[in-house]
Each structure stands twice: as structure tokens, then as C-alpha cells.
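J.: Okay, handing you the structure first.
Nothing in this text is a laboratory measurement; each read-out follows from the coordinates by a stated rule. Remember, predicted model here, so these are calculated numbers, not experimental data. Note: ideal-geometry Cβ built from the backbone for every residue, glycine included; neighbour counts use all protein chains shown.
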Amino acid sequence: MPMEHVEGQNKGKVVLFALSTCGWCKKTRMLLEDLDVAYDYIYVDLLKGEERQEIIEQVKKWNPQLSFPTLVLNDEDSIVGFNEDKVRESLA
């Protein structure tokens, strides 16, 4: 399952690691869409086998607790959990 892409304004590389059943993940996606930000996302809980393990290892680099949502910005910074103020500030 490759990353899904959502069109919007280019604010750099924005990647959301989420769970399909997570309310905070959904709120983060809605916020990104309200801000009209282009981003990629993947639902980690829908992956299987080796693909899932690879993505989990990527998430752990940014968030060792492996909690969701984990939002990675330009491969430099991450925002763990739903933090509207930090997302707005980082993508301004």
C-alpha cells in the first residue's frame, strides 16, 4: 500500500503516519485539508507483513513511542499527536 497523496499548496514534504480508526488522526487530516496543504499519508494499521514493519521502523525514527498521528515535515521535524497550533505554525 503506497502513500496516498492529497492535493493542495506545496508547503514542502508533509507526510502523515496515521491509523484508520484514530479520531486524532482524522482531525489532523482535516486540519491539513482546511489549511489547503499538499501531503501524503498512510494508514499503518492497514498494512501487512514486511511493508508494515518497514513503515513502523520509519515512524519510530520520528516517534519512538510509535503513537499516532505522527506528522513529518521535510524529513527534518515531526509533530506527534494532534497539535493544531504547532501544525499551523510549522506550515505558515
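J.: For a quick check of your reading of the filter: which trypsin sites (Lys or Arg not before Pro) in the stretch 1-57 sit in a DSSP loop and have no more than 11 other Cβ atoms within 10 Å? The partial results should precede the final answer.
T.: On the way: sites: LYS11, LYS13, LYS26, LYS27, ARG29, LYS48, ARG52; in loops: LYS11, LYS13, LYS48.
Answer by residue number: LYS48.
J.: Still on this model: Restricting to DSSP H runs of at least four residues, report the calculated mean residue ellipticity at 222 nm for the chain, -39500 (n - 2.57) per run over all residues, nearest 500 deg cm²/dmol. Numbers along the way, then the final one.
T.: On the way: 3 runs with 33 residues, N = 92.
Result for the chain: -11000 deg cm²/dmol, rounded to the nearest 500.
J.: Further, regarding this structure: Run down the aspartates and glutamates and flag those whose C-alpha is under 14 Å from the C-alpha of LYS11, throwing out any fewer than 8 positions away in its chain.
T.: GLU33, ASP34, ASP36, ASP40, ASP75, GLU76, ASP77, GLU89
J.: Please give me, ordered by residue number, the GluC sites (Glu not before Pro) of the stretch 50-92 that lie in loop per DSSP and have at most 12 other Cβ atoms within 10 Å. Working shown, then result.
T.: Values: sites: GLU50, GLU51, GLU54, GLU57, GLU76, GLU84, GLU89; in loops: GLU76.
Qualifying residues, ordered by number: GLU76.
J.: Checking the table LYS48/LYS86; LYS26/LYS60; LYS13/LYS48 against a 22 Å threshold on Cα-Cα, which pairs fail?
T.: Values: LYS48/LYS86 31 Å; LYS26/LYS60 20 Å; LYS13/LYS48 25 Å.
Over 22 Å apart, Cα to Cα: LYS48/LYS86; LYS13/LYS48.
J.: Ok, one more. Would you mind telling me the antiparallel percentage of the DSSP bridges in the chain, rounded to 5? Please list the in-between numbers first.
T.: On the way: 11 of 16 bridges.
Once the DSSP bridges in the chain are tallied, antiparallel ones form about 70 percent.
J.: Using alpha carbons only, how many degrees (0 to 90, rounded to 10) separate the axis of helix 49-62 from the longest principal axis of the chain?
T.: Tilt of helix 49-62: around 50 degrees.
J.: Does anyone have the angle between helix 23-34 and the longest principal axis of the chain? Alpha-carbon axes, 0 to 90°, nearest 10?
T.: 40
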